[in-house]
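See below for the structure under consideration.
The values are calculated or read from the model by the stated rules, or taken from the named source; none is laboratory data. All figures in this text were calculated on a predicted structure; none of them were measured in a lab. FYI the Cβ positions are ideal-geometry reconstructions off the backbone, even for glycines, and counts take in every protein chain you see. Only protein heavy atoms, including side chains, enter the accessible area calculation; ligands, DNA and RNA are left aside. Shrake-Rupley method; radii C 1.70, N 1.55, O 1.52, S 1.80 Å.
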Amino acid sequence: VGKFINRKGINVLLDSIIHLNDNPIIARKLIFLLVGQGPELTRIRKFVKLKKINNLSLINFKNQNDLKYYYKISNFLVLPSLYETWGLVVNEAMAMEKPAITSNSCGCANDLVLNDKNGYIFKKGNSKELTKIIIKILQNKKIESRLKKEVKKKLKFFTIDKNVKDILNIT
């Protein structure tokens, strides 16, 4: 979800999809959604066509209210950015009780994502590591269930009331 620009690491995700699609059993279980637009869109479309990636849907930009639907139907979010100051889409996904797989170059990685607890963190640019994480989740439904439970626990620490209290306690 976001702007299709080079630093978002979309190539890393596309490479991972190619690796995943090498295994027909796994490929059957996957549908990837890329939601957004930007200067990389034409290149992405050409790549998808060239590599005959049939389990990827490109969805045009959606506003915040419409995004809820896409988070709701998803199992998890992948944020493969090569550099990301924060990564607000992780907040959005977790607000919809979805775990996130994010690169270690996202500012939110160490604050929101607890590796192998409520999501996963992989080394930026490493599509093979991303592929292994996705396979791990797909091969064990208990992992996905555990991740979602931990996301719910983490959300309890990020409420409006708690934020107001913390701000009022700043001296």
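Here are the numbers for the structure shown:
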{"read-out": "ASP66, ASP22, ranked by accessible area, largest first (probe 1.4 Å)", "value": "ASP22, ASP66"}
{"read-out": "Prolate/oblate/rounded label for the range 29-109 (Cα gyration tensor, a/c 1.5)", "value": "prolate"}
{"read-out": "Charge dipole (the chain, unit charges on Cβ, about Cα centre) - positive-most of SER57, VAL78, ILE101", "value": "SER57"}
{"read-out": "Listed pairs LYS46/LYS148; LYS49/LYS154; LYS51/LYS132; LYS8/LYS98 exceeding 31 Å between Cα atoms", "value": "LYS46/LYS148; LYS49/LYS154"}
{"read-out": "Percentage relative contact order, the chain, counting C-alpha pairs under 8 Å, at least six apart", "value": "21"}
{"read-out": "Whole-percent carbon and sulfur share, accessible surface of the chain, 1.4 Å", "value": "54"}
{"read-out": "Highest average packing first - 123-131, 32-40, Cβ atoms within 10 Å", "value": "123-131, 32-40"}
{"read-out": "Peptide ranges 80-91, 97-108, 152-163 listed from the most packed, as the mean C-beta count within 10 angstrom indicates", "value": "97-108, 80-91, 152-163"}
{"read-out": "Options [x] 1.04; [y] 0.98; [z] 1.08 - which one matches Rg/Rh (Cα atoms, Kirkwood Rh) as calculated here", "value": "[y]"}
{"read-out": "Accessible area of the chain divided out per residue, in Å², using a probe of 1.4 angstrom", "value": "60"}
{"read-out": "Only Lys, Arg (+1) and Asp, Glu (-1) charged, at Cβ; the chain dipole about Cα centre in debye", "value": "500"}
